[in-house]
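Shown next, in structure tokens, is the structure this report addresses.
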Amino acid sequence: MKEAALKAYKAMVMARAFDTKTSALYKAGKILGGVFLGRGHEAIAACEAVFLRKGHDVYSPFIREQAGRCAWGDSVLESARTYFGSVEGCMHGRDGNVHWGKPLEGTTAPISHLGAMAAVIGGMVLAKRMQGITDAVGVTCYGDGTTSVGAFHEACNMIAVLKLPVIIVVSNNQYAYSTPNTQEFACDLLDRGRGYGLTSHACDGTDFLQTLETMHSAVTAARRGEGPQWVVATTLRMCGHGEHDDASYIPETLKAAYADRDPLAVARRQLIECGWLTEDTDAALNRECTDEVQRSVAQAQKEATPNPATEDWQATSWRPFR
Amino acid sequence: MPVTYIDAIHQAMQELLEEDPRVFLMGEDIAGTFGGAFKATKGLEAQFPGRVINTPISEDAIVGFGIGAALGGMKPILEMQFADFGLLGLNQMGNNAGAHYYRTGVPINLTLRMPCGGTPGGGPFHSQSLEALFAHFPGLHVFTPATVADAYYMLKQAVQIPDPVVFMEHKFLYRWLKADTWHDPQPLPVGKARIARAGEHATVIAFSAMVPEALKAADLLASASGYHIEVVDLRSVKPMDTDTILASVARTGRMLVVSEDFPWGGVASEVVARVAAEGLHLLDAPPLRLTSKDTPIPSHADLWKAHRPHSNDIADAVRYLISL
Ligand SMILES: Cc1ncc(C[n+]2csc(CCOP(=O)(O)OP(=O)(O)O)c2C)c(N)n1
Ligand SMILES: [Mg+2]
């Protein structure tokens with residue numbers, strides 16, 4: 001577990017450094033559209049992806065999944081490229097902010113429509129099974145609010161009916177934009193998973209080691225052939241919905257209750273207690289991550305942006321014979 | 001023994017499953033001995049175990065799973081029980097499958113089979129055509145076969161094309177349209193319209209079940225009034241073969257577009273817009289449209305027949321067009 005813990009922790013530190021940078025760039029007017037942070041979600045995101053094998057498993061990151069992307073093995077350079085619309089990036093300026101993925105390497109390129117990628121992950125895992133690959137798993141991650149979307153419900157049910165090795169992670173940050181959970185559903189989120197017939201797990205998403213253990217058992221169970229898994233990890237979004245939003249609708253009392261539960265600080269404390277991290281190695285890791293973020297953002301900002309005059313304005317790969 | 005339009009579709013799927021291990025079928029009620037609401041997949045699960053998959057009633061998830069399976073290297077053929085219910089998969093088709101190639105450079109090789117169009121008693125929600133709604137989205141090809149051979153070849157081509165294809169198969173044609181064989185010694189490539197009947201006095205542009213109606217109207221006009229009508233079968237509404245349309249209009253100088261869909265913003269409007277923009281000088285009379293009415297599709301057979309263009313309506317519209 002030590003190796004996974006340290007890998008996940010590094011992904012969290014990297015994601016936090018990246019989020020801090022993109023937030024500043026947004027406020028300076030350097031990034032158009034929106035910037036969406038994973039503050040408060042780092043443990044969940046890193047732990048859900050750290051047990052996946054790139055090139056074998058499949059992964060569908062959600063809005064607040066920078067730490068998951070890092071744990072999966074994608075660099076922050078790719079994220080920076082999508083924010084800046086670099087033509088070197090995998091979306092070439094055709095899609096932006098957190099909407100990127102490398103489908104041929106196993107990550108989906110999410111569309112904005114919440115819930116839509118859960119079925120896509122189901123299909124990717126179904127393809128593996130049809131090709132005789134039985135130990136590959138898929139992780140799809142969604143927010144509490146998204147559990148109320150019809151597409152998400154259809155996908156969860158179909159994953160359950162087809163008994164596919166998919167881990168459905170619900171990052172319960174208690175809000176969907178400004179809407180509290182009480183206005184999204186009138187049940188317990190764990191019961192939603194049980195209702196589909198899924199094996200359900202719960203964890204405190206701000207408790208790094210607990211989240212790591214929970215994701216480990218869920219991924220291991222799916223990989224062992226025990227069917228689809230449902231994980232509800234609870235946290236608080238420790239930022240606005242996007243950087244345009246001040247989250248003033250979240251009561252101060254709730255914010256105060258999470259004041260000393262920043263997953264990054266908790267992870268650091270826990271790792272030091274385990275003797276897996278020291279003040280010095282942590283400082284070195286932080287320097288390494290800040291430098292990499294700095295270099296990646298500078299590079300993405302320098303790279304060419306798309307040229308409308310030479311853009312290939314074709315929406316299909318096949319063109320009719322004439 | 002004559003073969004029907006739906007036999008051709010069954011045959012195409014059987015061959016596709018045989019030829020390519022990446023092909024599989026997914027949809028509601030399609031597996032087992034049942035073989036689908038229209039029996040298009042009857043017997044296929046027994047021949048290809050594990051490759052004909054029954055799903056819950058979840059059109060969005062069926063298309064979403066198809067997208068994922070395509071990304072995983074498979075070539076799914078997805079059946080919507082009725083095209084009308086395909087609207088619940090429209091978001092996945094238009095926004096996810098259709099947008100995917102442009103966004104990522106990775107095309108989605110899926111085929112969405114949509115049993116469409118009216119039948120007597122079908123009513124408002126088992127009769128719609130909807131090709132224009134799907135064609136509206138960039139990144140989708142929309143095929144509308146009107147012959148037994150096209151039903152066979154175009155379904156095979158749909159699966160060979162790496163992009164998402166909406167395959168609109170007309171329910172009225174399923175068992176009504178017959179031919180000696182589905183084979184065509186020289187099948188046309190997708191993207192080419194077909195001159196279904198050559199003529200000189202006016203062009204009628206049609207697709208899907210309106211092609212046989214237009215041909216009947218042409219027969220009627222030839223015997224009743226001596227007019228020779230050219231009938232163009234679009235075959236696919238997207239891509240749309242504007243060249244063949246304009247060439248026909250250049251020969252006849254008059255054009256009527258017939259569509260079973262609702263009038264507002266449909267394929268017929270698109271054809272008229274293209275001809276007006278690119279070939280106004282070829283026209284000796286205003287381009288006309290004949291579509292179904294702008295009401296939901298009625299259930300009673302008498303109302304239904306009056307709601308959609310019939311060969312007599314087409315003949316009347318052509319007479320009017322020639323009088324202008
Ligand atoms: C189908 C759909 N409806 C609405 C939106 C707009 N929207 C984007 S994020 C969001 C809130 C999502 O909440 P949740 O699932 O809890 O995730 P969180 O942002 O809290 O991580 C909404 C309403 C959307 N993208 N898609
Ligand atoms: Mg939320």
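The values are calculated or read from the model by the stated rules, or taken from the named source; none is laboratory data. Because the structure is predicted, anything quoted here is derived from the model rather than measured. Note that we place each Cβ from the backbone using ideal geometry, even for glycine, and neighbour counts take in every protein chain shown. Keep in mind that these areas ignore ligands, DNA and RNA; they rest on the heavy atoms of the full protein, side chains included. Shrake-Rupley method; radii C 1.70, N 1.55, O 1.52, S 1.80 Å.
For residue B:41, are the conditions met, namely being open to solvent by less than 10 Å² (accessible area, probe 1.4 Å) and farther than 17 Å from residue A:123 by Cβ? Judged against the criteria, residue B:41 is a match.
When the stretch A:101-116 is limited to residues that are in contact with a Lys or Arg (Cβ under 8 Å, 6 or more places away or on another chain) and over 24 Å from residue B:21 (Cβ atoms), the one that is nearest to ligand 1 (Cβ to nearest atom) turns out to be A:109. Just so you know, in the stretch A:148-172 the residues that are within 12 Å of ligand 1 (Cβ to nearest atom) and open to solvent by less than 10 Å² (accessible area, probe 1.4 Å) include one that is nearest to residue A:119 (Cα to Cα), and it is A:152. So, residue A:119, is that one away from ligand 1 (no atom under 13 Å from the Cβ) and part of a loop (DSSP other than H, G, I, E, B) or not? In short, no. At least 3 residues being away from chain A (no Cβ under 14 Å) and closer than 30 Å to residue B:310 by Cα is the threshold, and among the strands (runs of 3 or more DSSP E) wholly inside the stretch B:1-120 those reaching it are B:111-116. For the stretch B:183-209, the candidate set comprises residues that are crowded, with 22+ Cβ neighbours inside 10 Å and under 20 Å from residue B:3 (Cα atoms); within that set, the residue that is farthest from the other protein chains (Cβ to nearest Cβ) is B:209. When only residues in the stretch A:191-210 that are part of a helix (DSSP H, G or I) and either within 16 Å of ligand 1 (Cβ to nearest atom) or of a type in the set (D, E, K, R) (or both) count, which is least open to solvent (accessible area, probe 1.4 Å)? Once the filter is applied, the top-ranked residue is A:193.
Residue A:71 falls short of the stated requirement of being within 11 Å of the chain's Cα centre (by Cα) and either free of Cβ contacts under 8 Å to residues at least 40 places away in the same chain or surrounded by fewer than 24 Cβ atoms within 10 Å (Cβ to Cβ) (or both). Only residues that are more than 16 Å from ligand 1 (Cβ to nearest atom) and in contact with a strand residue (DSSP E or B) (Cβ under 6 Å, 6 or more places away or on another chain) were counted across the stretch A:123-147, and they come to 3. If you go through the stretch A:169-190 one residue at a time, how many are in a helix (DSSP H, G or I) and either within 23 Å of residue A:226 (Cβ to Cβ) or at pLDDT below 95 (or both)? Adding up the residues that qualify gives 2. Between B:254, B:274, B:289, B:308, which is surrounded by 14 or more Cβ atoms within 10 Å (Cβ to Cβ), over 20 Å from the mean Cα position of the chain (by Cα), among the basic types (Lys, Arg) and more than 14 Å from every other protein chain (Cβ to nearest Cβ)? Checking each option against the conditions leaves just B:254.
Here's the yes/no breakdown for (1) among the aromatic types (Phe, Trp, Tyr); (2) within 16 Å of ligand 2 (Cβ to nearest atom); (3) under 30 Å from residue A:19 (Cα atoms); (4) at pLDDT below 95:
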| position | (1), (2), (3), (4) |
| --- | --- |
| A:97 | no, no, yes, yes |
| A:114 | no, yes, yes, no |
| A:125 | no, no, no, no |
| A:129 | no, no, no, no |
| A:132 | no, no, no, no |
| A:145 | no, yes, yes, no |
| A:160 | no, no, no, no |
| A:167 | no, no, yes, no |
